[in-house]
Amino acid sequence: MATRFLSSLKAAVKESGIFPSYLARKRVAAQFLRGSGLEIGALHFPLQVPPGVTVKYVDYVSREENIRKFPELDAASIVPTDYLEDGFTLASIPDCSQDFVIANHVLEHASNPLQVLSNWARVLRPGGTLFISVPIGSRCFDKGRPLTPLQHFIDDYELVRDGASQSLDERNRLHYREWLTISTPNSDARNRHYRNLAGEELESLVEAMSASKAEIHFHVFSRESFVTLLDYFTTSIRSDFSVKAVIRSRGGAESLAILERSPQAGR
């Protein structure tokens, strides 16, 4: 009885907006999401969508593997993996096959966000919706890292487009250094010693992470830099998309954006 009461109380507080919550996500989903689509990397906290909306879940590992990887999570809350797929590429998902793509706190993990946005856009039907949120760097464990400027995103995109993926790998070493010396010690007090990493020890860890293509927060956003990236994407890469809304969420700890493909696209 007490456990059920505490669970209900936590849910009520989260929905109330008293503390940073997911209430904005739920409201925006009710306003913009219709039909059937995908959510990438939902794990144990899928977006609450309105009645009648159908979601299938994309992850690069099965639900069973996620249960093994995250024993601290309630196994019953971990979503099924409907598509065993790289959520950055969606390679097995046909063009123009989805009404929406949901990606909460995914884009910052992508080393080439403009290409990832293009990959997500590819699978959307005319009138389809991208539902994307990113953490604000100054409000999470990335505090202290520099914001990623627009030109950096553009350079990454053009390097890969022009077949220079190895150059992108070299550039990503900077992000691994920032991760090890700023984000890691911020996120876990037990890892404070990482602040003092330098020289060969630091470079050895950077090389190991680079070789394994370890997934980290490659990029750091403010609300303004997130909007700048999306504006560039919709004006210079996919002009059939427009930014419909950018919303403050979780007490300002994240920004949530809605992009829509023109209903007239492809006609």
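The values are calculated or read from the model by the stated rules, or taken from the named source; none is laboratory data. Computed from a prediction, not measured in an experiment: that's the story for all the values here. Note that we place each Cβ from the backbone using ideal geometry, even for glycine, and neighbour counts take in every protein chain shown. Accessible surface is based on the protein model in full, side chains and every heavy atom, while ligands, DNA and RNA are left aside. Shrake-Rupley method; radii C 1.70, N 1.55, O 1.52, S 1.80 Å.
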Computed about the Cα centre, the charge dipole of the range 150-267 from +1 Lys/Arg and -1 Asp/Glu charges at the Cβ has a magnitude in debye, to the nearest 20, of 600 debye
Listed by chain and number, the aspartates and glutamates with an alpha carbon less than 20 angstrom from that of LYS143, same-chain partners under 8 positions apart left out, are GLU108, GLU178, ASP188, GLU215, GLU224, GLU254
Shape descriptors of the range 73-232 over alpha-carbon atoms, Rg and Dmax in angstrom, are 17.0, 52
Using a 1.4 Å probe on heavy atoms of the protein chains only, the accessible area for LEU197 in Å², nearest 10, reads 20 Å²
Among beta bridges assigned by DSSP with both residues in the chain, the antiparallel ones amount in percent, to the nearest 5, to 45 percent
Measuring from its Cα centre, the chain shows a charge dipole (+1 at each Lys and Arg Cβ, -1 at each Asp and Glu Cβ) which, in debye to the nearest 20, is 1200 debye
Expected field for ILE182, accessible surface area in Å² at 1.4 Å probe radius, rounded to 10, holds 40 Å²
Here the gain from full extension of CYS96 to LYS143, 0.36 nm per residue of separation minus their alpha-carbon distance, amounts to 13.1 nm
